[in-house]
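Structure below; questions to follow.
The values are calculated or read from the model by the stated rules, or taken from the named source; none is laboratory data. Not measured: the values here are computed from a predicted model. Heads up: the accessible areas ignore ligands, DNA and RNA and are worked out on the full protein's heavy atoms, side chains in. Shrake-Rupley method; radii C 1.70, N 1.55, O 1.52, S 1.80 Å.
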Amino acid sequence: NPLYPRIVHAEFLRASRSPAGIQRIAKEYFRPIFTQLAALLEEGIQAREFRRVNVIHFIPSMVSVIVFYFITAAPIMHVVIGADAMSSELIAERRAAVLDFITAALFVPADSRKAVHGPESLLPPHRSIRHAEAHDKGERK
């Protein structure tokens, strides 16, 4: 259903007036996925396959690149390019473009791994999932 992304977006906007529901969904569904993805990214960073990105900011940025198209860009693109942005052909093109974009943002070129990573002291500090879980319990980290 082409309206599904807009319905989901409307539910998120509605949830801001009553945050208990969205908090439950975030804790039960989003946090486990976020935690697994953050661990995967950290593993890639430690293996020097991925750039040293701040995973707390990289994950929502990556998700936005994927989701925004379906919520907002597709209807606008229909007007701008004069084609159905939800067609199989354009969705396939979008998929390839997103994969290329995320790959360029995340992977370290093999010939520049040492230069990109440099000393570990340059790694910016960032919050972790444990920080969010401690916040839920009223603790400070």
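Hey, can you grab everything whose amide H is under 5 Å from the amide H of residue 107? Only 5+ residues off in sequence or another chain; H modelled, so Pro and N-termini drop out.
51
Through the Karplus equation 6.51 cos²θ - 1.76 cosθ + 1.60, θ set to phi - 60°, convert the phi angles of the stretch 93-106 into ³J(HN,Hα) values in whole Hz; use x for Gly and Pro.
5, 5, 4, 4, 5, 5, 4, 5, 5, 5, 4, 5, 6, 10
So with the 1.4 Å probe, I'd like the accessible area per residue for the stretch 71-115, rounded to whole Å².
Result: 70 Å² per residue.
Related question: So what is the accessible area of the stretch 2-51 per residue, in Å², with the probe set to 1.4 Å?
Per residue, the stretch 2-51 has 76 Å² of solvent-accessible surface.
Here's something else I'd like to know. Using 0.36 nm per residue, how much length does the chain from residue 81 to residue 99 gain when fully extended, once their Cα-Cα distance is taken away?
Extending this stretch completely gives an extra 4.3 nm.
Going by a ≥ b ≥ c, the root eigenvalues of the Cα gyration tensor, does the stretch 11-60 fall in the rounded group (a/c under 1.5), the prolate group (a/b larger than b/c) or the oblate group?
Taking the square roots of the gyration eigenvalues as a ≥ b ≥ c, the stretch 11-60 is prolate.
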